[in-house]
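No lab work stands behind these numbers, since they all come straight from the coordinates. Treat the numbers as computed from the prediction; the structure is a model and nothing was measured. In this analysis, Cβ positions are derived from the backbone assuming ideal geometry, glycine residues included, and neighbour counts consider all displayed protein chains.
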Amino acid sequence: MTMPTLPAAERFVKQVRAIYAAERDESTRWSRIRDAMEPLLAEPGLKASIKTWPATVEGKPAVGNLLFYEDPEYGFVLNATVRNPDIVTSVHDHGDVWTLYGLIEGHETMYRYERTDGGARDKGPATLKLVGKHALGPGTIDVVPPGMIHQEHAGPAPSVAFIVRAKRPGTFPQYFYDPQTGDVTPTSGPKQIPFVLA
C-alpha cells in the first residue's frame, strides 16, 4: 500500500518504521509509537482531512475502519473510525495485536473487562468483570495491549479516531464476548475500507 500523501502522516510512518527498526521490546516499542502519535492528532492537516472521511461505525455489529496504510516490511497499519453518535460496540478483543486508539474529534468512553473464569480465549462460556472505564477526548490515546477485552461507547456527537495496529484486521483471530450469555464468537474484525490519506 502506498505511503500517505498527507505530509504529517508520511512523517509519522517514517517515525514508526524507525521505532520498529530500533526497538525489539514490544511494550517499549508501542510506548514510543504512542509518544510519536500524540502530536499527529493535533496536526492541522490531519484535522482538516477528517472532513472528507466517511462514517464507518453506524451500528452494531457493522463496524468498519478506513485503511490508510499497511507497512510492507513491518506489517503495522494506519486505520480510522468515524463513529455516529451514541453507538455502543460489541465487547471484543484485538487478539494478540497491539493497538493505539487516538481521538481527533468528539468524545467516547472506553469500558475495560477482565475474564474471570480462567477459560481459553477462544472458548465460552466466559465470565466477564467490568474493571474500569475512562473518558476519551480529542488528543487522548488509549493503549490497547494484546488480549485486552474492551468496548467503546460513543458520545452524543460524532467522533473520529486515528488508529495504529500491529497487524491489519482480518489477518489474525479476534473475539466478541457476550457479557449476558458468556458466548465467545470469533470475528475477523472491522471491515477494511481502503482510503487515501491526503
Query raised in the report: What's the long-distance tail for the chain, i.e. % of Cα pairs beyond 26 Å?
Result: 29
Query raised in the report: Can you give the angle from 0 to 90° between the axis of helix 26-41 and the longest principal axis of the chain, with both taken from C-alpha atoms, to the nearest 10?
Result: 60
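Quick check for me: using +1 on Lys/Arg Cβ and -1 on Asp/Glu Cβ, what's the dipole size of the chain about its Cα centre, in debye to the nearest 20?
Charge dipole of the chain: 160 debye, to the nearest 20.
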Requested in this report: Going by C-beta contacts inside 10 Å, put D122, D71 in order with the fewest on the left.
Outcome: D122, D71
Query raised in the report: Where both partners of a DSSP beta bridge lie in the chain, what percent of those bridges are antiparallel, to the nearest 5?
Result: 90
Report summary line: Taking a crude spin-label model, label points 7 Å out from Cα along the C-beta direction, the E114 to A22 distance in nm is 3.5
Requested in this report: Taking the chain as the reference, fit the longest principal axis to its C-alpha atoms, fit the long axis of helix 7-22 to the helix C-alpha atoms, and give the angle between the two in degrees, 0 to 90, nearest 10.
Outcome: 70
**Report entry** the chain, helix-only ellipticity at 222 nm - DSSP H runs n ≥ 4, -39,500 (n - 2.57), divided by all residues, nearest 500
**Finding:** -6000 deg cm²/dmol
**Report entry** Rough spin-label spacing in nm, given labels placed 7 Å along Cα→Cβ, for N84 and E10
**Finding:** 3.6
Report summary line: Of the residues A154, H92, L67, the Cα lying farthest along the dipole of the chain towards its positive end, which is defined by charges on the beta carbon of Lys, Arg, Asp and Glu, belongs to L67
Query raised in the report: Could you put M37, M148 in order, starting from the residue whose Cβ has the fewest other Cβ atoms within 10 Å?
Result: M148, M37
**Report entry** Cβ charges +1 (Lys, Arg) and -1 (Asp, Glu), total dipole of region 82-198, debye
**Finding:** 240
Query raised in the report: Taking the Cα-to-Cβ direction at K51 and at R34 and moving 7 Å from each Cα, how far apart do the two end points lie in nm?
Result: 3.3
**Report entry** Order of R24, R17 - criterion: other Cβ atoms within 10 Å of each residue's Cβ, fewest first
**Finding:** R24, R17
